[in-house]
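The values are calculated or read from the model by the stated rules, or taken from the named source; none is laboratory data. Computed from a predicted structure; not experimentally measured. Positions of Cβ are generated from backbone atoms using ideal geometry, with glycine treated the same way; all protein chains shown enter the neighbour counts.
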Amino acid sequence: MNRHAYPRGPAAAAGPLALLLLAAALALSACGREKPQAAGQLNARAIWPAKSAATASAPRTYTAPAVVAKITASVSAADIVPAVQKSFDTAAFPDGGPIEDVPAGSGRTLTLLAYGADGTLLYKGVAANLVVSVGAVTTAEVWMDPQQATLPAWALPMVWDVHNWDQATWQN
């Protein structure tokens, strides 16, 4: 009688083959998983035009106009898919709003959109080339520009009549 320490035949080959197949399956399943990126925080701070401001050089303020009801923030970059997004009430945004879990890195772009109560886009601002560091808070000040087609009549700039240079009329 021949006694071997290791079994022979087809049953013996199944053990190492099963281990090899299991290892291959685990390796393939790990390929689809992305390693979690280290993150930081971005503090978005909007700079609004004063009520009478019609140009970029006009005075600005950190207080949102009364017509703004909601602000949305989006942080994007080539390596951030999908973009990090957050919404704020105007009352919760007087000194800026925190956007947590922004993947650390350079080349981040922050876009702020301000909407009226009816959902109309009123202001837009973009800050580009931001750097977010792991565990740190980066503050970005974003100049909010009026979206001319959707602003209330009082916020539209004055238009000069080309025939009467000394008279200004309000654009309606």
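The condition of being surrounded by fewer than 19 Cβ atoms within 10 Å (Cβ to Cβ) and of a type in the set (V, I, T) holds for V131.
Among the candidates K86, K70, K35, which residue alone is modelled with pLDDT under 90 and either under 24 Å from the mean Cα position of the chain (by Cα) or closer than 30 Å to P146 by Cα (or both)? Give the steps one after another, and end with the answer.
Working: K86 fails: modelled with pLDDT under 90; K70 fails: modelled with pLDDT under 90.
Only one candidate passes the filter, namely K35.
At pLDDT 95 or above and hydrophobic (A, V, I, L, M, F, W, C): does that describe A136? In short, no.
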